[in-house]
Structures are given as C-alpha cells and as structure tokens.
Amino acid sequence: RSLAICFYLANEGLSILENAGEAGVPIPAALRDALEQIRKKGDQGVAAQILDANLRFTGPFTPRKKTDLLVLHHAAATQCTVEDVHRWHLARGWLGIGYHYFVRKDGSIWRGRPEDAIGAHTEGHNDHSIGICAEGDFSKEQMPIKQQRAISDLVAWIVSRYPGTAVG
C-alpha cells in the first residue's frame, strides 16, 4: 500500500511541476530537463520496453472480462527472476507465474502471464485485476530508484488503458 502511495505522490509531483511551468513559474533547468526525458520515455511507450522470457504455461487461460484494479506485490526474495517466480508458481500447481508483469531491480520489465488472462496473485480479486510483482523483499530492503521508475511508468501505462483502475 505504501508503494502505491509513493507512486501516486511521484506522479502528482511531476504533474504539479509541469503545470507550474505552463503557468509561467520558473522551473530550474535540471528539473525541466528531467521532465523532458520523462516525456520522451513516455512517448516511446512502455510496451516497447517489456521483455519476454517465453515462459511455458501448463494450460489455457481464462480471459479476464473487466479490469478495475492493479495490485502491486513484491517477491519476498531479495534476488530472483521472472523464471524463478514462474517455477515457484508451477510448483504450487498453477498454470505458471500468477503475475502479469515482473519488474527487476535494474528496472527491466518482464511479461508474466498474458495481460488479458485472469491472474493468480490476489485471492478474491484475480478475475478483475492485473498483478505486478517487484523483485525484492521490501520488508528488509529499499526499492532501487530504477525499479521505482519502471513500476511507475508501467502503472501509468496500464491505468491509461484501463481508466478508473484503482492501484493497491
């Protein structure tokens, strides 16, 4: 929950800076340059940055009929890969990784199960949510800035395609 609040605050902070600049409030050059880099990155699209590990699943997926929730998780492992999580979930008897996206500490974004499929990440909410898992155990460590930025971009991209989606 605190992770979601951090992302909201970061996004709101950028919005405030952009609006202040448009209103004629002087913005330091370093902040103006950072905003321009963020805009350019957004223009390239998160979709182009998503990596595919070509995971093999054990059966067909059930399509998700609606999306109104985006759930953020951490792997509770200080170091792991999308393949590791996939193996762990297969060992539980699942079709494979239950999350739709997995974000490494280096900021790389990996595809998990298909985005339009029902997930296996939040009991009682899988049929209407998208799950994102971050590498790490954030009860013991802090999330790296690169990973925070990647998740923030991914969340913004998903919410832009599913208006009204809550993040939790």
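What to note about this one:
- Boolean, Gly124 is farther than 15 Å from Ala76 by Cα and surrounded by fewer than 21 Cβ atoms within 10 Å (Cβ to Cβ): yes
- Sub-8 Å Cβ pairs linking a first residue in the range 157-168 that is among the β-branched types (Val, Ile, Thr) to a second residue that is open to solvent by 80 Å² or more (accessible area, probe 1.4 Å), at least 6 apart or interchain, are Val167/Tyr8, ordered by first then second residue.
- Residue satisfying all of: in the range 96-149; within 11 Å of the chain's Cα centre (by Cα) and either among the basic types (Lys, Arg) or modelled with pLDDT under 95 (or both); farthest from Asp84 (Cα to Cα) among these: Arg149
- Of the residues in the range 128-145, at least one is farther than 20 Å from Ala77 by Cα, out of contact with any Ser or Thr (no Cβ under 6 Å at 6 or more places or on another chain), in contact (Cβ under 8 Å) with a residue 40 or more places away in the chain and open to solvent by 20 Å² or more (accessible area, probe 1.4 Å).
- You will find that of His125, His86, the residue that is more than 26 Å from Gly45 (Cα to Cα) and touching a Leu at 6+ places or on another chain (Cβ under 8 Å) is His125 and no other.
- Which listed residue, of Ser152, Ser160, Ser108, is open to solvent by less than 20 Å² (accessible area, probe 1.4 Å), among the hydroxyl-bearing types (Ser, Thr, Tyr) and within 25 Å of Ala48 (Cα to Cα): Ser152
The values are calculated or read from the model by the stated rules, or taken from the named source; none is laboratory data. Note that the structure is predicted; figures quoted are calculated from it, not measured. Here Cβ is always computed from backbone atoms with ideal geometry, including for glycine, and neighbour counts include all displayed protein chains. Ligands, DNA and RNA are excluded from the accessible area calculation, which covers all protein heavy atoms including side chains. Shrake-Rupley method; radii C 1.70, N 1.55, O 1.52, S 1.80 Å.
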